[in-house]
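I have placed the structure first, in the form of structure tokens, so that the comments after it can refer back to it.
The values are calculated or read from the model by the stated rules, or taken from the named source; none is laboratory data. Only a predicted model underlies this, so the values are computations on that prediction, with no experimental measurement involved. Ideal geometry is used to build each Cβ from the backbone, glycine not excepted, and the neighbour counts take in all protein chains shown. Just so you know, the surface numbers come from the protein's heavy atoms only, side chains and all, with ligands and any DNA or RNA stripped out. Shrake-Rupley method; radii C 1.70, N 1.55, O 1.52, S 1.80 Å.
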Amino acid sequence: MTIRFGAMALIIVAAGLTLPASADVVYMTDGFALHGKVTRQMELIVDPATGQPIPIVKNSPCFIVDDRVRYTLFSQRNVANDPDKDTNIYDGHIILQMPVARTGQSRPAEASIGEATPFNEKWERTIRLTQRIDMAKLLGPGAPINPGNRFKIETNKVRQKISMLSPYFMRVECIEYNWTANYMTSEFGPAVVLPLVRAHPEIKETGAPDFEKRFKLFRFCTQAGWYEDALRELNILKKHFPDQAQKTKTAETGLRQLIQQRIMQDAELAAKVGRHNRVQELLKQLVVADLPVPLQTDAANLKSRYEMLQTKLEQTRHALAICYQDVVGPPIDFVGDAMPTICQELNFDTLDRLEPFTALGRQIESDRKNGKATQYSLDQVLASAVTGWVLGPVAAEASIASADRLWSVRQQILAIQRTGVPIDRARMTTELERSAGLTIDEIARAITLLPPPESEPVPAAGVPIERQTRNAFSGQLPVRYRLQLPAEYNPNRAYPMLLILPNAGQSTLDAMTPWAAEGLTHGHILAAIDWGTLKNAYEYKESEHSAVIECLRDVKRFVNVDTDRVSLTGHGEGANMAIDVGLSHPDLFAAVVPINGRPRAFISSWYWRHAQVLPFYIVLGELTGSVNIWALDLYVKWAEKGYASLLVMYKGRPIDFFPGEVPNIFDWLDRKRRATGFPSLGRNPGAGTGGEEYHSFRTTDNHFYWASSEQFDKKIVLEDFLGQKLTNPAAIQATIRDANQITVHTRGVKQLTLWFGRAYDDQGGTRDMIDFTKPIKITVNGRNPWTNNGQPLTPKLETLMEDLFQRNDRRRLFLARVDFNNIQ
């Protein structure tokens, strides 16, 4: 017989594959690094003659990185180059071991851990273990079992003991079961781990102070990255062992370099996410001479950059103040409104908009000093500030009329976005078109530089607040959510956002807490959504999807969200929901991170195709029963197609959250941007199970990047999403080819809208999806093409403004739409 892929982790252990002293580094195409030993997926074949298991390499698209704590599955198609065998982050790590004697032989199949006592000095603790036992497997084939009593829930207390501890991983054995669980040491932290290290026989002092034992403790702290603890231990060594001055001095030099490297890394990350005050604080702590030579140049460049930015910011503020104060004559209309706003919102992130203004100001100041006549008046110089602020520096001009008109356009756009009545929006849009004197491209450029339409005082960073959606125009019931903003938030910088779906019965605060610190570090907006967590389970309802969409819409109205970097995560039932919502609305998200989620059959059978340009980072424990099997089955489908997703399985871990994975997840998310579905929206239409169209069983699963539908064939719509089973969902696939040739394939779709604007692809960069100056040809299901009577498709301001109001997506602006009704 053959053991299925669902038992992958057990197969690897049975095959005797353990991590040797060497290790590899695998770099994915996005730069994300996987550390550990690379293996192929193994399959266990049982010899019918001898009954002995025989491990073989399975012909699979999956490769595995084993780092002792986790297995990480990846597709070779997403690897940048061959594994780097010269870098081993575990090299030289201290490994402390303790003997363990088991009394049990069986192993839990699906379990969760409840309350646990602290580890004692013998490295032991007691946990409450809850198992879900499948009686059919326990009793054997043919045993009579009532379906209602198939699964038995058993809870008892068991003992665990740490058998191996290093600065990176911790191996924990169960006494009553043949069960080993693996943890990252960082999951427990120095407050828990260091007393255990001090209690180990290799470290514990039983008599006079022992330099070697204390120095080993210092090394452990250093290797774990706990530099404050390492410095404290080193100071103790220097005080009590003056005869070891040379060794402690060398250690101090090395530690100082590590500390400075971390400061440098923190400063670079802070600069990347817009924490400019934090960067300047860190640069004051940075001792460039203590850095390795290659980093010294980087540090000097970063310091120089911020010194230059600070100087330019001060000069620009000074110039604004001088010009504003020296304007002679009646106030110009735009000055009284625009200049206070610009002065208030000017910072490192917006400074470049005023570069033309600053250049003109320097020229006027130079002319005055040299007794020359100035070419521009102060009014015109201020006009260059306003035009640059509204349209960006390339469009800045010293024209009072242009400045007055552009500031009016800016205010009109914001007013339209704040207006909930459709007829009023239409009237205001018509007035904007009449009075703006701008092309649609220029209005679109102005939109990308706007603050949120309903900017308001925001909470302090790191202080989660409770909010309720107030999208009165949406017709949906209010949704409660908890919000945390990034450190140093400002409304003129767009920030990535992580939407968090709690587990059933979990509060939004508890769901957000594990993400909060890293969210601040990585500059993410966090929003934990109450999707109905008082329920026992996620029910796959449209109202639950609406909670996510309404929350996202609400946050975008008053916080500046980078809509190309919105990600979704959840734990347990929240993970089930994250998988479903992400695959149902792939055009909303850059990535999805389900933790111990169990996708249902319809997703495995159909919606899995929606991950073709939506990457997933699946995290689960080995002892999670059906969660393990279903998630692995889904991942194999993705790996076979080369989808850019990862699966991380913690060895021997039951249902858990895995807090040690959070920093890795943010590192991965920092590299993700939402796809455009351009030029191909789906693949292989009409190929049956081999097709990769976008599918829908729900009327609300109706928008896929640049195609949407308001009407499906009623035969394909599920009313009971958990009970019904349909095998023929609606399908949409579309491709934009050269010369404005567009082909569309649908099934079960009665109405279709195609949206056109600007998109990004790796080959062409940012460009128009179609050529708006040339004729267009759209063929739907091979029938008579639609050609717009031989005329180019004309962008319309009404389309732009209404779509912007509905989605508030300033990163993806659609300028034109084409509707098809009564599709056959």
Cross-link reach from Lys556 to aspartates and glutamates, straight Cα distance under 17 Å and at least 8 residues apart if same chain, gives Glu454, Glu456, Glu466, Asp564, Asp587, Glu802, Asp803, Asp809
Regression test value, accessible area per residue of segment 582-631, probe 1.4 Å, units Å², expected 16 Å²
Of the accessible area of segment 687-733, computed with a 1.4 Å probe and all protein chains kept, carbon and sulfur make up a percent value of 48 percent
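As a test of the definition: which semi-axes, in Å, follow for segment 620-676 when you take the square root of five times each eigenvalue of its alpha carbon gyration tensor? Largest first, please.
22, 18, 7
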Scoring only Lys, Arg, Asp and Glu (+1, +1, -1, -1) among other residues with Cβ under 9 Å from the Cβ of Asp30 yields +2
Of every hundred units of 1.4 Å-probe accessible area on segment 332-413, the number belonging to carbon and sulfur atoms, as a percent, is 45 percent
The chain, Kirkwood Rh and Cα Rg, ratio Rg/Rh at 1.00
Over segment 485-554, with neighbouring protein chains present, the accessible area per residue in Å² at probe 1.4 Å is 31 Å²
Expressed in square angstrom to the nearest 10, the accessible area of Lys249 with a 1.4 Å probe stands at 130 Å²
Heavy-atom accessible area of segment 415-505 with neighbours in place, 1.4 angstrom probe: carbon+sulfur share in percent works out to 53 percent
CD proxy, 222 nm, the chain: helix-only mean residue ellipticity via -39,500 (n - 2.57) per DSSP H run with n ≥ 4, per residue, nearest 500, stands at -11500 deg cm²/dmol
Under a 1.4 Å probe, counting only protein heavy atoms, Thr727 has an accessible area in Å², nearest 10, of 110 Å²
Of all DSSP beta bridges with both partners in the chain, the antiparallel percent, nearest 5, is 80 percent
Once all protein chains are kept in place, Asp768 shows an accessible area at probe 1.4 Å, nearest 10 Å², of 50 Å²
Expressed as a whole-number percentage, the relative contact order of segment 171-303 with C-alpha contacts under 8 angstrom and at least six residues apart is 13 percent
Rg/Rh over Cα atoms for segment 560-697, Kirkwood Rh, comes to 0.96
Given pairs Lys122/Lys216; Lys152/Lys541; Lys213/Lys239; Lys637/Lys715; Lys774/Lys796; Lys161/Lys204 and cut-off 21 Å on Cα-Cα distance, the over-length ones are Lys152/Lys541; Lys637/Lys715
